[in-house]
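**Student:** Right, I'll just put the structure down here and ask away after.
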Amino acid sequence: MEMINLIWFAMVIIGLVVSAATGRIDAVTDALFSSAEQAVSVAFSMISVMTFWLGMMKIIEKSGFINWIVKLLRPLSLLLFPRLPRNHPAMHAILMNMSANLLGMGSAATPFGLKAMQELQTINEDPNTASDEMCTFLAVNTSALTLIPTTVVALRAASGSLYPTEIVGTTILATFCATMTAVALDRIIRAMTRKRKRR
């Protein structure tokens, strides 16, 4: 995080120095105000879209539809986490995280992801090293198969896109490929690690 802050700070300073040296400091001021105005406009536009989808997520949760999605994902979770007890709290958190990611609700998935990691840590044999289940969950959560890219659609709509939902098909394909790759690499690296330990 420190390095990222330093990079951004350096870019701002370099931009100010170059604009001052070329006599275009007024362009920096204009860009600063126009960007701030655009950021506020996009933020307000997103509020309505995000409110709608967060409301939909709450309706899905209260109606029990989320439980149907959880049941649908349970066989997959048992395949991904064979050593994790079926009724363990970590399994429930993982399923809820996967369901939220599936619906494109990254903000709703984050608390479940943190809860899953906490619960997985309680059954971790070596607290100082991530367990196989924790690595698998991180791979699945990071790649996150998404059927409805809610946040991206909201950003596109707020930015004035005429067809904000046209990315749904490509998003499904891209996230599917990412998830398959992440799971495959997780299994390959896990097998290599076990082989190395046996030696």
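**Student:** May I ask you to list pairs of residues, at least six apart or on different chains, whose Cβ atoms are under 6 Å apart, with the first in the range 122-150 being more than 20 Å from residue 78 (Cα to Cα) and the second being crowded, with 16+ Cβ neighbours inside 10 Å?
**Tutor:** 147/102; 148/103; 148/104; 149/104; 149/171; 150/53; 150/104; 150/105
**Student:** Among the residues of the range 146-190, which ones are in a loop (DSSP other than H, G, I, E, B), in contact with a helix residue (DSSP H, G or I) (Cβ under 6 Å, 6 or more places away or on another chain) and more than 16 Å from residue 42 (Cβ to Cβ)?
**Tutor:** Residues satisfying the conditions are 146, 147, 149, 165.
**Student:** Find all pairs meeting these conditions: Cβ atoms under 8 angstrom apart; at least six residues apart or on different chains; first residue within the range 66-91 and in contact (Cβ under 8 Å) with a residue 12 or more places away in the chain; second residue of a type in the set (Asp, Glu) and part of a helix (DSSP H, G or I).
**Tutor:** Filtered contacts from the range 66-91: 81/133; 83/132; 83/133; 84/133; 88/119; 89/119; 90/119; 90/133.
**Student:** Quick check on residue 166: is it under 25 Å from residue 52 (Cβ atoms), of a type in the set (D, E, K, R) and either surrounded by 12 or more Cβ atoms within 10 Å (Cβ to Cβ) or out of contact with any His (no Cβ under 9 Å at 6 or more places or on another chain) (or both)?
**Tutor:** Answer is yes for this residue.
**Student:** Moving to a separate point now. Check residue 110 against each of (1) within 19 Å of residue 176 (Cα to Cα); (2) of a type in the set (S, T, N, Q); (3) under 12 Å from the mean Cα position of the chain (by Cα) and name the one condition it does not meet.
**Tutor:** (1)
**Student:** Sticking with this structure for a sec: Do you know which of the residues in the range 99-145 that are among the charged types (D, E, K, R) and in contact with a helix residue (DSSP H, G or I) (Cβ under 9 Å, 6 or more places away or on another chain) is surrounded by the fewest Cβ atoms within 10 Å (Cβ to Cβ)?
**Tutor:** Result: 115.
**Student:** Something else now. For the range 73-97, give me the residue count where each residue is more than 18 Å from residue 134 (Cβ to Cβ) and either in contact with a helix residue (DSSP H, G or I) (Cβ under 6 Å, 6 or more places away or on another chain) or surrounded by 13 or more Cβ atoms within 10 Å (Cβ to Cβ) (or both).
**Tutor:** 2
**Student:** Tell me whether the range 99-110 contains one or more residues that are hydroxyl-bearing (Ser, Thr, Tyr), closer than 18 Å to residue 70 by Cβ and not in a loop (DSSP other than H, G, I, E, B).
**Tutor:** Yes, the range 99-110 contains at least one residue that is hydroxyl-bearing (Ser, Thr, Tyr), closer than 18 Å to residue 70 by Cβ and not in a loop (DSSP other than H, G, I, E, B).
**Student:** Let me spell it out: the conditions are (1) farther than 30 Å from residue 197 by Cα; (2) modelled with pLDDT of 85 or more; (3) assigned to a helix (DSSP H, G or I), and residue 138 meets all of them except one. Which number is the exception?
**Tutor:** (1)
The values are calculated or read from the model by the stated rules, or taken from the named source; none is laboratory data. Just so we're clear, the structure is a prediction, and the values are computed from it rather than from any experiment. Neighbour counts are summed over all protein chains in view; Cβ atoms, including those assigned to glycine, are modelled from backbone coordinates with ideal geometry.
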